[in-house]
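The values are calculated or read from the model by the stated rules, or taken from the named source; none is laboratory data. None of these values were measured; they are calculated from a predicted model. Using ideal geometry, Cβ is built from the backbone for each residue, glycine included, and neighbour counts are taken over all protein chains shown. Accessible surface is based on the protein model in full, side chains and every heavy atom, while ligands, DNA and RNA are left aside. Shrake-Rupley method; radii C 1.70, N 1.55, O 1.52, S 1.80 Å.
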Amino acid sequence: MVISNVRLIWHRRDLRLHDNELYHSSALAIQNNTNHKSHSSGTSSPSVSLFVFDNGYFQPRQSSSTNYYDTVWCGPHAAQVLIEAVTTLRNHIRSIGGELIIRVGDPTIIVPQIAKEIGATEIVYGEEPGTYEREVSQTIKETCTFHNNNMNHERHDDGDEINPVKLVSKVGYTMYHPNDLPFDPYTWKQLAHPKNKHQKKKGTTKQKNVHMDDDSSSLECPHFDLVNISPDRFKGMCRIMGDFRNAARGSTSVRTPLEAPKRLVKPQSCKGLDAGSIPSLEELMDPLLKAERPILGMDQMTIEKIVKSAIQRRDKNKNNDLNDEECQYCGENAALERLDYFIGQGHAAVANRSQADVSNNDSSRLSIHFSLGTLSPRTVYWKAHEAGEDCKWLKSHLEMRDFFLYTAFCAGKRLFRQQGLPLGKQPREIKWRNPSDDENYWRRWATGQTHLPLVDAAMKELMLTGYCSNRVRQNAASVLTKDMQIDWRIGAEWFQFLLQDHCVGANYGNWLYFSGVGPDPKNRHFRTVSQSIRYDPKGTYVKKWLPALKELPNMEAIFRPWDFHISGFESPIVDPKTQFTWQDLQRLEEKGKLIQEDEIQE
């Protein structure tokens, strides 16, 4: 009797079927696809899919910024969209003959266990940025190594020899594939600055500008086929965004998307296996609500309100009570429909994406789908490419995202250091304040009570919905780190807890960038009042989220309510003069106001 190969497909942040290498056999690995034609659908070998709701994301654990607080990596808003994405994926897989097994617990135990139960000969999964995510992968690798080394030619009951388990990793979370990027510091520098002369170190070999097979950078082991995303792999990677973009463009092109599988075959060993049920939001949030220590310094009522907001939005979304743009059902179907609508209906070409308020299709709203992996960045790239110059900015934004993701791969644990990833040899000397030393000071920022309208509106929207625009995220981060000088890491942790679209690389990368300890040659300081005038000139955004400012007849009071004795805005958390550009401050002192009446008429 010949034992057929059985593949266990372990889903992580790749909750889709389109452009998903997990459903394509090693024999169909991507080659040098310069003709930009999609590859055929994957193998029909027996397979079982698996998703684990990892307890590690939902159980309280100690904050990285202070010993006195705990944090939770996946908050209620992110948990709800994760549930929706997994539900959609299970329906898709079942519709083409497969099965998505659901488990709740520790993936380092569950993945090998399920592999054993179904008699898997291969486990395939996607790599992600983040040290915890990398540690989970490493533990499973060690488990498989132990299993393979201790088989001693064991046999099935019928006498056939048990095959070793092959472990295969893929990378579909980024736009550029890691195997297509430079492999040595010399090539990175040469491609980033092609007109400059670079001294090549002895022993280095120039990389060929081709798409490489997935096993080209695998860790050497007869039963492993792993993409190398270790920090050592990216040694010498460009540390400035513009340089990274130049080097990536000069090194390769974006791979063309893979087709979704049209048919899946379940192995006989899957019969009788409990498929498992998808947990509810209430079940996932139970450990959070029972936390014994403060979650990032917040009182229990604040945490309960955030959970309640997520539950209410879930229920309203089921009843179609919310605007589709503001509350999409987060699965693969919704992701592809949103992409087609945003580009196909011309919204991408005219989006005013730098505004504080990005409703009315001024944002792609694709970040949530990228974070879940319900949408392939390569699919978006080629869709934007076909749309022409007006959608070129989408491709640029995908390159920015890749820069932060690869920075996370490259940095490893250093991504979470207080000193950050400074460009210079010596880190900037910043006397960071511990948030637990003055809880009220920290809480005012975190809960939207700084009395700076743009910041407070951003935090209110974030707590209620799990989303706010990139513009206001940057302003909020600037106030916390540049003005209040509170440890940037607790700001990143609070965003991680609140955001629907949280991604370790993008979130921590941006916080490093805008707090002054990251790979940014500029020391950016956002002046929030001046930013409001420029990016929310009619006060639309702040009035939407701050009811106290909604009916003010004087538009000037929306930008500086402390000067008009508006209740709740008497004492900004920092000197308000620090929130004006020099030009706006001069204008205020000379004319007594910031705006002309004809500038703000509807």
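Quick look at the values:
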item: Tilt relative to the chain, helix 377-387 - C-alpha long axis, 0 to 90 degrees, to 10; result: 70 degrees
item: GLU122 long-range amide H proximity, modeled H, under 5 Å; result: VAL6, LEU8, LYS166
item: Relative pair counts by distance (%), Cα atoms of the chain, 10 Å bins; result: 3, 16, 26, 27, 18, 8, 3, 1, 0, 0
item: Segment 91-97 - phi-based ³J(HN,Hα) in whole Hz, Karplus 6.51/-1.76/1.60, Gly and Pro as x; result: 4, 5, 5, 5, 5, 10, x
item: Principal-axis tilt of helix 300-318 within the chain, Cα atoms, nearest 10 degrees; result: 70 degrees
item: Accessible carbon and sulfur surface of the chain relative to its total accessible area, %, 1.4 Å; result: 47 percent
item: nm² value of the averaged projected area, convex hull over the Cα atoms of segment 369-512; result: 10.0 nm²
item: Distant-in-sequence amide H partners of GLN500 (H built 1.01 Å from N, under 5 Å); result: TYR467
item: Dipole moment magnitude, nearest 20 debye, the chain about Cα centre, only Lys, Arg, Asp, Glu C-beta charged; result: 1860 debye
item: Surface accessible to a 1.4 Å probe, per residue, for the residues of the chain, Å²; result: 44 Å²
item: In degrees, nearest ten, helix 582-591 long axis to first principal axis of the chain (Cα); result: 30 degrees
item: Loop-resident sites, segment 102-154, for GluC sites (Glu not before Pro), counting at most 12 other Cβ within 10 Å (DSSP); result: GLU154
item: Over 26 Å (Cα to Cα) - which of LYS308/LYS544; LYS425/LYS577; LYS316/LYS538 fall in this group; result: LYS425/LYS577; LYS316/LYS538
